[in-house]
Amino acid sequence: MRFDGRVVIVTGAGSGIGRVIAQRFAGVGAKVAVVDWLPDRADAVTSEITTAGGSALSVHADVSSRRDVDAFVGLVASELGPVDVLVNNAAIAEGDDVLQMDEATWDRDVAVVLRSVFLCCKAVLPSMIERHTGSIVNISSVNAITALGNEAYSAAKAGMINLTQGIAVRYGAHGIRCNAIAPGTIRTPIWQARIDRDPVVFQRLLKWYPLGRVGEPDDIANATMFLASDDASWITGVVLPVDGGLLAGNYRMTRELLAEAGNEKLDS
Ligand code: NAP
């Protein structure tokens, strides 16, 4: 699978899954915009890519801000060319239980997870429509599909799925495809705080995964590249779980997670 000369934007590419997606696209010839709100991280990933012989542009932007998004999409077009692929990957998950979450936390999670997708799609669609080509891949989560905690994040991830379908249907006739991926547990820095509290958390999670392991960023990069590629030219509006089989049956997992969080009475 080659992406020679294609322009790919990856948001939240300074860490974890986004970092690997950016590296993998660059490794097969794409010109990659490495977008992160932390300049050091975007710069570091960009230099990893260029040192390996790839082509990348470091972009510092908050993807929940319309001003930042419009500015960076313009910059990418002028520095790299019109955008062929947009991967909406940036996210935060600060709020958990609805009763304990304040409005500001809700708004921040929803803005970074969902408004960012609206803003980034809005910014790239006009040129995709003009060129009658474009592929958007939205990194959602298994949290979008079943209750696993982090209610603001999860509701926003669910909204992302419907937005994926809406864009796929509305702009399919313009040659644009839009798909979503729902990852299960992926070994990235986002888990570090939980590993600090519970060093064997991944080992404990294994029992819920039919394939017997948690995921790696490359598992998500593989699916993202496939959906972005011409090999998926008749696939649009889908949500692809990349979750080691978790969603095939996780009732017990949900109950145990709620119990761990202190909601024992729900674990009847
Ligand atoms: P990660 O390691 O935290 O990487 C995300 C990057 O995006 C971080 O550098 C983060 O910076 C940055 N970011 C956050 N908000 C941003 C904003 N407004 N503008 C620009 N950059 C921003 O996360 P990950 O684990 O790789 O997750 C990547 C995606 O996969 C997310 O959409 C996540 O919801 C999804 N996912 C992950 C898992 C998993 O188990 N890891 C499971 C299901 C779905 P900060 O670190 O400062 O926030």
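The values are calculated or read from the model by the stated rules, or taken from the named source; none is laboratory data. Quick caveat, the model's predicted, so the values are computed rather than measured. Please note: Cβ atoms are built from the backbone with ideal geometry, for glycine as well, and neighbour counts cover all protein chains shown. Note: accessible area is taken over every heavy atom of the protein model, side chains too, but ligands, DNA and RNA are not part of it. Shrake-Rupley method; radii C 1.70, N 1.55, O 1.52, S 1.80 Å.
A few remarks follow.
- Conditions (1) surrounded by fewer than 24 Cβ atoms within 10 Å (Cβ to Cβ); (2) closer than 23 Å to Arg24 by Cα; (3) among the aliphatic types (A, V, I, L, M); (4) away from the ligand (no atom under 15 Å from the Cβ); number of the one not met by Val98: (2)
- Tabulated pairs, the range 117-135, first within 22 Å of Ala232 (Cα to Cα), second among the basic types (Lys, Arg), C-beta under 9 angstrom, 6+ apart or interchain: Gly134/Arg177; Ser135/Arg177
- Residue count, the range 11-49 (criterion: more than 10 Å from the ligand (Cβ to nearest atom), closer than 20 Å to Val124 by Cα and not small (Gly, Ala, Ser)): 4
- Test: residue in the range 168-182 that is open to solvent by less than 20 Å² (accessible area, probe 1.4 Å), within 9 Å of the ligand (Cβ to nearest atom) and either in contact (Cβ under 8 Å) with a residue 40 or more places away in the chain or of a type in the set (A, V, I, L, M) (or both): yes
- Single residue of Val110, Val85 found to be modelled with pLDDT of 95 or more and open to solvent by less than 30 Å² (accessible area, probe 1.4 Å): Val85
- Condition check for Ser55: more than 9 Å from the ligand (Cβ to nearest atom), open to solvent by 40 Å² or more (accessible area, probe 1.4 Å) and more than 21 Å from Ile17 (Cβ to Cβ): no
Residue-by-condition table, conditions (1) within 22 Å of Ile9 (Cα to Cα); (2) more than 17 Å from the chain's Cα centre (by Cα); (3) within 16 Å of the ligand (Cβ to nearest atom); (4) in a helix (DSSP H, G or I):
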residue	(1), (2), (3), (4)
Arg108	no, no, yes, yes
Ser116	yes, no, yes, yes
Leu125	yes, yes, no, yes
Ile136	yes, no, yes, no
Thr146	no, yes, yes, no
Ala156	yes, no, yes, yes
Thr164	yes, no, yes, yes
Gln203	no, yes, yes, yes
Leu206	no, yes, yes, yes
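- Screening Met1 against (1) under 26 Å from Gly184 (Cβ atoms); (2) within 16 Å of the ligand (Cβ to nearest atom) leaves a single unmet condition, (2).
- Among the residues here, Ala193 does not qualify as assigned to a helix (DSSP H, G or I), open to solvent by 70 Å² or more (accessible area, probe 1.4 Å), of a type in the set (A, V, I, L, M) and at negative phi.
- Of all residues in the range 94-110, none satisfies being touching a strand residue (DSSP E or B) at 6+ places or on another chain (Cβ under 9 Å), charged (D, E, K, R) and in contact (Cβ under 8 Å) with a residue 12 or more places away in the chain.
- Out of Val73, Val87, sole residue that is more than 18 Å from Ser140 (Cβ to Cβ), touching a residue at least 40 places away in the same chain (Cβ under 8 Å) and within 16 Å of the ligand (Cβ to nearest atom): Val73
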